[in-house]
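Below is one structure, written out as structure tokens; comments come after it.
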Amino acid sequence: KDFQHALDAFRYGAPPTPDERSAIYHLIQRALTERVRPEERPRHLKLGMGGLAVIEFIAQWGMLHHATQCEVPLPVSTLGMLEWLYKWGALTRPDYELLRRAWELQYHLRNRLNLLFDPAPDVLPTGEHLEQLAHSLGYSEPALLESEFTECTSGVGEIAQRVLGVCQ
């Protein structure tokens, strides 16, 4: 337990300074814009607008700002961090629920794509591959999967804009 507290103090220390916040912001912007072609961003599961990386950045950003106040061992998983941030009042219930839903959806999509296709795409597919993916996940129509994906990623993008100031 003492080791965990020492590790958390090292990991989180004090909240980021303005210079550190600026450097983190620029790192996030680069990660989300330089590694994925613009036409892939709306459908990229990891690095797209509202993708898994954005959710992870939101969770890590929140922990950097709020974990310094905590005396209990802190979570290290993305979902654990989101839950901790919600329980400590750093995320609203609607934001927490949307981030969790979006993370779970995209996590399941990536896993299923790895099972269905070789090589697995990093983007939500279109056409017959989308149809195959949707049916394998229990969606009656591919449009329902696409609609849920768009709703989740749009919501994550709005939260990212509010929390991180990141424009995608």
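The values are calculated or read from the model by the stated rules, or taken from the named source; none is laboratory data. Keep in mind the model is a prediction, meaning the values are calculated, not measured. All Cβ positions, even for glycine, are placed from backbone atoms using ideal geometry, and neighbour counts span all protein chains on display. Ligands, DNA and RNA are excluded from the accessible area calculation, which covers all protein heavy atoms including side chains. Shrake-Rupley method; radii C 1.70, N 1.55, O 1.52, S 1.80 Å.
Heavy atoms of the protein only, probe of 1.4 Å, neighbouring chains included. What is the accessible area of LEU137 in Å², nearest 10?
Result for LEU137: roughly 50 Å² accessible.
Using a Förster radius of 30 Å, what is the FRET efficiency between GLU128 and GLU56 based on their Cβ-Cβ separation? Nearest 0.05, please.
Working: r = 31 Å, r/R0 = 1.03.
According to the calculation, E is roughly 0.45.
Expressed as a whole percentage, what fraction of the accessible surface of the chain belongs to carbon and sulfur atoms when a 1.4 Å probe is rolled over the protein heavy atoms? Intermediate values should be presented prior to the final figure.
On the way: 5060 of 9380 Å².
On the chain, the fraction of accessible area on carbon and sulfur atoms equals 54 percent.
Highest GNM mean-square fluctuation, the chain, Cα pairs closer than 10 Å: which of TYR96, TYR139, TYR107?
So, out of TYR96, TYR139, TYR107, the one fluctuating most is TYR139.
Could you provide, to the nearest whole Å², the per residue accessible area of the stretch 96-155 with probe 1.4 Å? Mind dumping the intermediate values first?
On the way: 3300 Å² over 60 residues.
That works out to 55 Å² per residue.
Per-residue accessible area for PHE117 at 1.4 Å probe radius, Å² rounded to 10?
Counting only protein heavy atoms, PHE117 exposes about 30 Å² to solvent.
How many nm is it between the label spots at ILE24 and TRP88, if each spot is 7 Å from the Cα in line with the beta carbon?
Distance between the two pseudo-spin positions: 1.1 nm.
Leaving ligands and nucleic acids out of the surface, order VAL72, VAL163, VAL36 by accessible area at 1.4 Å, largest first. Please list the in-between numbers first.
On the way: VAL72 75, VAL163 55, VAL36 5 Å².
Listed by decreasing accessible area, they come as VAL72, VAL163, VAL36.
As an exercise, use a Förster radius of 25 Å and the Cβ-Cβ distance of THR68 and TYR107 to find the FRET efficiency, rounded to the nearest 0.05.
Details: r = 28 Å, r/R0 = 1.13.
Step by step, r from the Cβ atoms, then E = 0.30.
To the nearest 20 debye, what charge dipole does the chain have about its Cα centre, counting +1 at the Cβ of each Lys and Arg and -1 at the Cβ of each Asp and Glu? Mind showing how you got there, number by number?
On the way: 16 positive and 22 negative charges, 73 e Å.
That gives the chain a dipole magnitude of about 360 debye.
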